[in-house]
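J.: Starting off with a structure, shown below.
Readers should treat all values here as calculations from the given coordinates under stated rules, not as data from a laboratory. Every value quoted in this text rests on a predicted model; they were computed, and no experiment measured them. Heads up, the Cβs are rebuilt from the backbone with ideal geometry, glycines too, and the neighbour counts pull from every protein chain shown.
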Amino acid sequence: MRGAVPRLSLVLLAAESGARLCAIIHYLVRGQLGWFGLTIACLVPGYAAQLLSILWFRADGHPPGCWLLALHLLQLGLWKRPHNPGAAPNLPKPGWASCHGDSCRYWDVLRAAAEMGGGAGEVLAQLGDVCVLRLLEALLQTLPHLLLQAYVVVAVDPAGFIPGVSAGLSLLSLAWALVSYSHFTCLLRPGHLSPPAAVILCLLLWRTGMLGTRVLALVLFARLYSFWVFAVAGVHWLLMSFWLVAQQTDIVAQPCRWRLFNCLLGAVYIFCYINVRPGPSKTRVAVFYAVSTWNILHSTWM
């Protein structure tokens with residue numbers, strides 16, 4: 001099962017990117033310049049992950065040249081990583097480092113994990129880093145694209161095939177990014193074995209259903225009440241952000257970055273729960289769903 005996870009990640013990533021490109025061409029050909037521009041705009045948040053990749057390059061002693069900058073402008077920078085075992089960077093960075101020369105690539109890490117079955121500890125640690133980066137990219141780029149295409153399908157063009165396919169693949173890709181993150185954080189803990197295929201499938205169905213229903217609810221609410229959806233999402237975001245601050249998470253040390261991290265993760269909690277603290281999470285999950293249920297009831301009352 002470990003080998004199937006990286007292969008499926010690559011397939012979903014390629015399918016999602018292809019569907020997004022088809023959606024862009026679809027709007028351009030049909031003259032729907034408004035939706036074309038919004039779809040292009042959904043790509044912009046992904047540059048935050050590209051900026052982080054450039055910072056890692058500089059921290060490893062590899063000043064980005066014209067070729068690297070061009071790759072990052074095309075949002076392909078995450079697929080190429082430096083390899084400098086002797087470097088001691090000041091910034092946190094992923095731990096992957098292949099033996100294929102002075103650089104390693106995203107697909108090299110996934111392919112190595114697939115061929116070795118995820119059994120090697122070093123490859124497993126590298127693959128865990130890749131999953132974290134992919135999850136960041138999915139939350140910043142795939143999620144806004146999913147919301148936009150879902151709104152187009154529900155409120156503008158219910159018979160639109162290409163927007164519907166793009167939204168479906170984005171939903172599946174985002175859910176799989178969450179599943180991959182949970183899967184490999186579990187494997188990185190000492191004594192934990194790889195979950196069976198049935199567990200991974202159930203987790204994927206749960207994440208897909210949870211994300212799908214939340215996205216659909218927000219889209220339907222936006223269709224009926226227009227900009228009031230921002231008020232509902234804002235209330236949920238504030239509650240989740242204050243709750244994260246109360247938990248005193250220590251992932252980020254600097255105060256300014258710690259506040260920014262809580263605000264950004266609070267926005268993610270509008271759609272899904274991500275555990276950022278060690279130890280049992282049953283109580284935190286119960287609180288998350290209780291607040292979500294209250295928010296749904298409040299939205300219905302409005």
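J.: What ranking, highest mean first, results for peptides 142-154, 10-22 when packing means the other Cβ atoms within 10 Å averaged over each residue?
T.: 142-154, 10-22
J.: In addition: On a full-extension model of 0.36 nm per residue, what is the gain between ARG58 and PHE161, subtracting their alpha-carbon distance, rounded to one decimal in nm?
T.: Once the chain is fully extended between ARG58 and PHE161, it gains 32.8 nm.
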